[in-house]
C-alpha cells in the first residue's frame, strides 16, 4: 500500500500492490492445489497440472476473484475499479463453466471419434485435442472461494502493519 506521506507513490514496490499480489498468490495456490486434487482423484502425481488449465480448483476464478475482492477490500465496493474487476470476474467464471467446459467436452468426443477411425483414414494420425480446458461449477466456486480467502488474508495482514 502507498503511504499517504510518500511523495513518490509510483516508486513503491510492485509487491505492495495488494490486488495484484492477491491475484498472483490466488493463481499460484489454485494451480498448486490441482496437483493434490489430481492425486486424490486419480492416485497419481502429475506435475504438469501446475501449468495446465481445467481441473479442481479453477485458477482462473481464483485469480479474478482474488483481484476483485482485494480491490473491494482496499478501495471499497462503491468504486469504478471494483465494478470493472467484478464484471471481469463474472465474465471469466461464466466462460470457464460454460463455453470452455463445453469446448472441452466436444474435444473429448472428437478425440474418441478420431481414435476409432481406421488407420488408413487421413485424420487417423491427427494430434488429440486438449480436453481439460473448462471447469464445472463446483470447480469455479472453489476457485472463487480461494481468491476471496487470499484477498481477505492479505488485507488482514496488511491491516496489522506486516505488509
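Looking at 153, 73, 88, just one residue is surrounded by fewer than 16 Cβ atoms within 10 Å (Cβ to Cβ) and over 23 Å from residue 37 (Cβ atoms), and that residue is 88. Checking each residue in the range 1-25 for being closer than 16 Å to residue 143 by Cα and modelled with pLDDT under 65 picks out no residue at all. Total residues in the range 26-56 satisfying the condition of being over 22 Å from residue 68 (Cβ atoms), at pLDDT 75 or above and out of contact with any helix residue (DSSP H, G or I) (no Cβ under 7 Å at 6 or more places or on another chain): the figure is 2.
The values are calculated or read from the model by the stated rules, or taken from the named source; none is laboratory data. It should be emphasised that the depicted structure is a prediction, and the values quoted were computed from it without experimental measurement. Positions of Cβ are generated from backbone atoms using ideal geometry, with glycine treated the same way; all protein chains shown enter the neighbour counts.
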